[in-house]
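Computed from the coordinates by the stated procedures, all read-outs in this text should not be read as laboratory data. Every value quoted in this text rests on a predicted model; they were computed, and no experiment measured them. Cβ: placed from backbone, ideal geometry, glycine included. Neighbour counts: every protein chain shown.
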Amino acid sequence: MTRFSRALIIGDSGGIGGAIADRLREFGVEVVGLSRRSDPPLDLEDEASIEQAIGAQKGEFDLLFIASGLLHDGEHQPEKSNRALSKTGLDRAFAVNATGPALVIKYALPLIPRDRPAAIAALSARVGSIGDNRLGGWHAYRASKAALNMLLKTMAIELARTHKQLVVTAMHPGTVDTTLSEPFQGNVPEGQLFTREQSARHLLDVLETLGPEDTGGHVDWAGKLIVP
Ligand SMILES: NC(=O)c1ccc[n+]([C@@H]2O[C@H](COP(=O)([O-])OP(=O)(O)OC[C@H]3O[C@@H](n4cnc5c(N)ncnc54)[C@H](OP(=O)(O)O)[C@@H]3O)[C@@H](O)[C@H]2O)c1
């Protein structure tokens, strides 16, 4: 069961985003998905494409779910040392993980209802917690997720004035078996690697329980608040 009736998912082509889209459809939710593979395409590194792809949407969405993100690609791997920092690595992580999602919300705001419950969720990561950072490393990914969390919190404060039934939240999906986590799954303790379907179920179950009183937070797949 879900309280949502129409969802806009950014990154439905990804592992977790695809499973979230499937589960919402099973519940009868009308789902629109946008990514670099959709028509029109949405590239988080290109503001004009964000504006156009979202501007092409008609009607309201009571759920905006940003399930996109970047940890590694052919050019960049997560940093293992301070020496590994590069401008292009930092720029790309910030563009895809922080700037892009904030612009998505900016352009999607006219589509979010003001007179009924609604949710904006974005997949963040526990490693974006400054207070919880004991291991170091993964500088660009960690910092871009911390920036995402701050952008969501700041936007949530203003939105609480205009969208009184809206919750804006960052969510940590757990460690999930996708292309993004694949190279790092060796470090995951036995039994702690979720399937995409398990993670989607946990995330949507938690989202059902969140309301305007929870806006601006970062919760994990079990519904527990993560320290900023
Ligand atoms: N998997 C995990 O263990 C884990 C743990 C913690 C947090 N997370 C977070 O969960 C989210 C989803 O991760 P995932 O594991 O599902 O990864 P994934 O399977 O690699 O999916 C990544 C998604 O991001 C989209 N994307 C990447 N760059 C983009 C760009 N420039 N413009 C538009 N879309 C872009 C991809 O779309 P296209 O390439 O099709 O455009 C794809 O839909 C990420 O934010 C990640 O940081 C994952």
When residues of segment 208-228 are limited to those that are in contact with a Ser or Thr (Cβ under 7 Å, 6 or more places away or on another chain) and assigned to a helix (DSSP H, G or I), the one surrounded by the fewest Cβ atoms within 10 Å (Cβ to Cβ): Glu208
Hits in segment 46-76 - residues which are loosely packed, with under 15 Cβ neighbours inside 10 Å and within 19 Å of Ala95 (Cβ to Cβ): Ala48, Gln52, Asp73, Gly74, Glu75
Lone unmet requirement of (1) closer than 30 Å to Ala84 by Cα; (2) surrounded by fewer than 15 Cβ atoms within 10 Å (Cβ to Cβ); (3) out of contact with any Pro (no Cβ under 8 Å at 6 or more places or on another chain) for Gly174: (2)
Output for segment 158-207, where each listed residue is in contact with a helix residue (DSSP H, G or I) (Cβ under 7 Å, 6 or more places away or on another chain), assigned to a helix (DSSP H, G or I) and of a type in the set (Lys, Arg): Arg196, Arg201
Residue in segment 4-26 that is more than 23 Å from Pro173 (Cα to Cα), assigned to a helix (DSSP H, G or I) and not hydrophobic (A, V, I, L, M, F, W, C) present: no
Thr179 vs. criteria surrounded by fewer than 23 Cβ atoms within 10 Å (Cβ to Cβ), touching a strand residue (DSSP E or B) at 6+ places or on another chain (Cβ under 6 Å) and within 15 Å of Gly69 (Cα to Cα): no
